[in-house]
Amino acid sequence: MEETYLLNVEGVKKKILHGGRGELPKLQDGSKFTFHFQTLKDDFERTVIDDSREAGMPMEIIVGKMFKLEIWETLLSSMRIGEVAEFWCDAIHTGMYALVSRGMRRIAEGRDPLEGQKHRCGMGNMFDYHSTGYDDLDELQRTPQPLIFIMELFRVEDPSAYKRDTWAMSKEEKLAAVPVLHSEGNRLVLRREFAQAAAKYQEAVICLRNLQAKEKPWEDGWLKLESLVTPLVLNYCQCQLELGEYYEVLEHTTELLQKHNDNAKAYFKRAKAHAAVWNEREAREDFQRVAHLDPSMAAAVKKELKQLGERMRKKHVEDRKRYQGLFHQLPLLGGTAARPLTKRHSTGSRAPVP
């Protein structure tokens, strides 16, 4: 099939390699493309730069979410389900490909795609990098050039047809998701499915933290979101206590108390975590703060302190027995038999110690 200009987009040519089926998909913000792609240089050898099939995973793009390589959304919008097409794109459209490829390769390698990246716009980040970590991508970054993309489109899903990742949600969607996730977490706790419940609470916290990042700390908008975060973090910590992840609890409660040092429930959960890992002094201090901040919890604190005292006494007894057993098992120096201790008399002779 002859090459044609695609939708009057300057610097782009399309060639259909295998026809798709049906009509062009109807797209809206939040629609998701799932596809495989191959990226080639526009040279005599058509050198392959990337191949998603070799990486073992298809690519996904969410419409309207400012994907760094904006031209890909345009290319995919021209395709039918099942279609395979080859696109030639001029350098005006491919300048960001090195950064996009770097992120995809890191994900395929099980690494953080944003490792070392500064919080700046995509073009600013490109100038920050002295190297992408990949020689072929460094070359593309130094000398932007036309590229060829061969794409096979598998699916186009409406926003309501798939579970959206947190990063892909709008502000309104994140706010709507939080109470649903909170309720699901509570339901799982009642079924004692603590790991699954913790995951729900954590996802809700991520939604809120993403929104908080756009607010000025300690102003009204930020504080309103923080009031939603706090009970979710406490619920998450309770699940981690049930799962025996005590150091996880210590980390999150301490972080919470750095911002809210009057939260009795946070002190209580941290105290229980300290007690579980034998930090007796820290546990007692936190329990005492709980009783001071919330007298209604005094009975619960008294019970916990009693249990802590019993556990610590039992531990001390077990430790003494263990050390005594270890002492009796120590080998004699030099392999010689033990001799009775003696005391020296004034005459210089030695007599057994009575």
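Considering only the range 5-49, how many residues are farther than 22 Å from Gly82 by Cα and in contact with a His (Cβ under 8 Å, 6 or more places away or on another chain)? Break it down stepwise before answering.
As a first pass, look at the range 5-49 and keep what is farther than 22 Å from Gly82 by Cα: 8-11, 41-49.
Imposing the further condition that a residue be in contact with a His (Cβ under 8 Å, 6 or more places away or on another chain) reduces the set to 11.
Summing the residues that are farther than 22 Å from Gly82 by Cα and in contact with a His (Cβ under 8 Å, 6 or more places away or on another chain) in the range 5-49 gives 1.
Could we say that Ala177 is at pLDDT 85 or above, farther than 30 Å from Cys237 by Cα and open to solvent by less than 70 Å² (accessible area, probe 1.4 Å) here?
no
Failed condition for Leu211, given (1) open to solvent by 50 Å² or more (accessible area, probe 1.4 Å); (2) touching a residue at least 40 places away in the same chain (Cβ under 8 Å), with all others met?
For Leu211, the failing item is (1).
Would you please name the residue that is nearest to the chain's Cα centre (by Cα), looking only at residues in the range 33-51 that are without any contact (Cβ under 8 Å) to a residue 40 or more places away in the chain and not in a strand (DSSP E or B)? Write out each step before concluding.
Step one: list which residues in the range 33-51 are without any contact (Cβ under 8 Å) to a residue 40 or more places away in the chain, which gives 43-45, 47-48, 51.
Remaining after also requiring not in a strand (DSSP E or B): 43-45, 47.
Working: Asp43: 40, Phe44: 43, Glu45: 40, Thr47: 35 Å.
Within the range 33-51, the match that is nearest to the chain's Cα centre (by Cα) is Thr47.
Would you check which residues across the range 58-111 are assigned to a strand (DSSP E or B) and either in contact with a Leu (Cβ under 7 Å, 6 or more places away or on another chain) or at pLDDT 85 or above (or both) and list them?
Met59, Glu60, Ile61, Ile81, Val84, Ala85, Glu86, Phe87, Trp88, Cys89
For the range 8-32, give me each residue that is closer than 22 Å to Asp158 by Cβ and either over 38 Å from the mean Cα position of the chain (by Cα) or modelled with pLDDT of 90 or more (or both). Don't jump to the end; show me each part of the working.
So the first thing to find is which residues in the range 8-32 are closer than 22 Å to Asp158 by Cβ, and the list is 20-32.
Listed by number, the residues that qualify are Gly20, Arg21, Gly22, Glu23, Leu24.
From the residues in the range 55-83 that are touching a strand residue (DSSP E or B) at 6+ places or on another chain (Cβ under 9 Å) and of a type in the set (Asp, Glu), which one is surrounded by the most Cβ atoms within 10 Å (Cβ to Cβ)?
Out of the qualifying residues, it is Glu83.
Scan the range 172-229 for residues that are outside any helix (DSSP H, G or I) and out of contact with any Gly (no Cβ under 9 Å at 6 or more places or on another chain) and report the count. Don't jump to the end; show me each part of the working.
Of the range 172-229, the ones outside any helix (DSSP H, G or I) are 191-193, 213-219.
Add one more test, that the residue is out of contact with any Gly (no Cβ under 9 Å at 6 or more places or on another chain), and what stays is 191-193, 213, 216-219.
Qualifying residue count, the range 172-229: 8.
I'd like to know if the range 114-130 contains one or more residues that are open to solvent by 30 Å² or more (accessible area, probe 1.4 Å), modelled with pLDDT of 65 or more and assigned to a loop (DSSP other than H, G, I, E, B).
Within the range 114-130 (the criterion being open to solvent by 30 Å² or more (accessible area, probe 1.4 Å), modelled with pLDDT of 65 or more and assigned to a loop (DSSP other than H, G, I, E, B)), the answer is no, since none of the residues qualifies.
The values are calculated or read from the model by the stated rules, or taken from the named source; none is laboratory data. Just so it is clear, the structure is predicted and the values come from calculations on it, not from any experiment. Here Cβ is always computed from backbone atoms with ideal geometry, including for glycine, and neighbour counts include all displayed protein chains. SASA here: full protein model, heavy atoms, side chains in, ligands and nucleic acids out. Shrake-Rupley method; radii C 1.70, N 1.55, O 1.52, S 1.80 Å.
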